[in-house]
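The values are calculated or read from the model by the stated rules, or taken from the named source; none is laboratory data. On a predicted model such as this, the values are computed, not experimentally measured, just so you know. Note that we place each Cβ from the backbone using ideal geometry, even for glycine, and neighbour counts take in every protein chain shown. The accessibility values were calculated without ligands, DNA or RNA, using every heavy atom of the protein model including side chains. Shrake-Rupley method; radii C 1.70, N 1.55, O 1.52, S 1.80 Å.
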Amino acid sequence: DLIASDLFNFCPLEKIYRQSENSFIPYLAKEIKNKDIGEEFLSKKDDYNFLQVNSDNMVESIKKVCELSINKGLTDRDIQILAPMYKGINGIDNLNNNLRDLFNPKSKKKKEIRVGENIFRVGDKVLQLVNDPDKGIYNGDIGYIMDITGSTITVDFDGNIVKYTPKDFIKIKHGYAISIHKAQGSEFKLVILPIIFSYKIMLYKKIIYTAVTRARNNLTIIGDPSSFVYAVNNENVYERKTKLKDRLLSYLMNI
């Protein structure tokens, strides 16, 4: 509305800084934006791969990609699984349960605490779920458990040390796999994106575009090509209707 009013100067952002000029990721993002997906999305590139697997093999396939990435020297600080939904066998919650022991294996030297059906362990990657300005942490921030003493969990958010007591435990969850919504504004060296038909209710162009463009160096999509194409072609647009432009023009005329 501000741009359409023609009352303000603006500068469109046209140069991509997140990926290199030779990266396939921005090329794919442009195809998604234009709903013009070619066969190239199934071809392996230097920084991109689409692994075709069915829903029954999704969890094991993600674990295998993570293991291969770890063997190449990447850590959970570099690798981020982005999924559209929390529930179900291929949902975020179950993915985290499977990935926790892969990235941060159980050890007698690591203290841990059970919270409901979850186990938090020193070294775990965790996600902040709500804004807490007083503590300097916000929805979507990722940190690492540095200590567990009694019923207190201490998390390091990139130098900001935050303590959680039992009443605060609902504010965090494991962060090996997170929702695409929580990843908005972030970037990761390697993004692993599962796409299958059981996610259908959350498969639409905007969310897929967001997930793909979170990848800085590498992107691996795992799942069903037809579900990916369905998502790209599903606008699911909520059109905002305001009178801001009219009010601005009316105000200008009455000055």
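By how many nm would the segment from Asn22 to Phe169 grow when fully extended, if each residue of separation counts as 0.36 nm and the alpha-carbon distance is taken off? Could the numbers behind the result be given before it?
Values: separation 147, 0.36 × 147 = 52.92 nm, distance 4.33 nm.
Here the answer is 48.6 nm.
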Rg/Rh of region 92-225 (Cα atoms, Kirkwood Rh), to two decimals, equals 0.98
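What order do you get for 2-12, 94-104, 59-69, 39-49 when each peptide is scored by the mean count of other beta carbon atoms within 10 Å, highest first?
Working: 2-12: 8.9, 94-104: 18.7, 59-69: 16.8, 39-49: 14.3.
Per-residue Cβ counts within 10 Å, averaged per peptide and sorted highest first, yield 94-104, 59-69, 39-49, 2-12.
What does DSSP give for the chain in terms of the percent of beta bridges that are antiparallel, rounded to the nearest 5?
Details: 22 of 40 bridges.
Expressed as a percentage, antiparallel bridges in the chain total about 55.
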Add -39500 (n - 2.57) for each DSSP H run of 4 or more in the chain, then divide by its residues: what number comes out at 222 nm, to the nearest 500 deg cm²/dmol? -7000 deg cm²/dmol
Label Asn233 and Ser151 with points 7 Å out from Cα along Cα→Cβ: what is the distance between them in nm? 5.4 nm
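How large is the Rg to Rh ratio of region 196-249 when both quantities use alpha carbon positions and Rh follows Kirkwood? Numbers along the way, then the final one.
Working: Rg = 15.9 Å, Rh = 13.3 Å.
Radius of gyration relative to Kirkwood radius: 1.20.
Using a probe radius of 1.4 Å on heavy atoms only, what accessible surface per residue do you get for the chain? Whole Å² is fine. If you can, show how the numbers build up before the last one.
Values: 14940 Å² over 255 residues.
It amounts to 59 Å² per residue over the chain.
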Positive-end residue of Val53, Phe120, Ser23, charge dipole of the chain with Cβ unit charges: Phe120
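Which trypsin sites (Lys or Arg not before Pro) in region 217-255 pass both tests, a DSSP loop state and at most 16 other beta-carbon atoms within 10 Å? Walk me through the intermediate numbers first.
Working: sites: Arg240, Lys241, Lys243, Lys245, Arg247; in loops: Arg240, Lys241, Lys243.
Of the trypsin sites (Lys or Arg not before Pro), the ones in loops of region 217-255 whose Cβ has at most 16 other Cβ atoms within 10 Å are Arg240, Lys241, Lys243.
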Run the reach check for Lys35 against aspartates and glutamates, Cα to Cα strictly under 17 Å, same-chain hits fewer than 8 apart removed. What comes back? Glu235
Distance cut-off 27 Å, Cα to Cα: go down the list Lys171/Lys243; Lys64/Lys182; Lys72/Lys205; Lys109/Lys189 and report the pairs above it. Lys171/Lys243; Lys72/Lys205; Lys109/Lys189
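What relative contact order, as a whole-number percentage, does the chain give when Cα pairs under 8 Å and 6 or more residues apart are counted?
Working: 402 pairs, mean separation 61.6, N = 255.
This gives 24 percent for the chain.
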For all pairs of alpha-carbon atoms in region 43-157, what percent lies in each bin of width 10 Å, listed from the first bin to the last filled one? 11, 38, 35, 13, 2, 0
Charged-residue dipole, Cβ positions (Lys, Arg, Asp, Glu), the chain about Cα centre, Debye nearest 20: 580 debye
From the phi of every residue in region 213-218, what ³J(HN,Hα) in whole Hz does the Karplus formula 6.51 cos²θ - 1.76 cosθ + 1.60 yield, where θ is phi - 60° and glycine or proline is x? 7, 7, 7, 8, 10, 8
Among Tyr176, Ser198, Tyr144, the residue whose Cα sits farthest towards the positive end of the charge dipole of region 134-254, when +1 is placed on the Cβ of each Lys and Arg and -1 on the Cβ of each Asp and Glu, is Ser198
Using modelled backbone amide H atoms (1.01 Å from N, in-plane), which distant-in-sequence or interchain residues come within less than 5 Å of Asn131's amide H? Asn139
The ³J(HN,Hα) series, computed from each phi in region 25-36 with the Karplus coefficients 6.51, -1.76 and 1.60 at θ = phi - 60°, rounded to the nearest Hz and given as x for glycine or proline, is 4, x, 5, 5, 4, 5, 4, 5, 4, 8, 6, 9
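Quick one: length gained pulling Leu74 to Lys206 fully straight, 0.36 nm per residue minus the C-alpha distance?
Values: separation 132, 0.36 × 132 = 47.52 nm, distance 2.83 nm.
Gain on stretching Leu74 to Lys206: 44.7 nm.
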Here, Asp101 and Lys87, labelled 7 Å along Cα→Cβ, have an inter-label distance in nm of 2.6 nm
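What Kirkwood hydrodynamic radius, in Å, does the chain give when the mean of 1/r is taken over all pairs of distinct Cα atoms and then inverted?
Working: mean 1/r = 0.0495 Å⁻¹.
About 20.2 Å for the chain.
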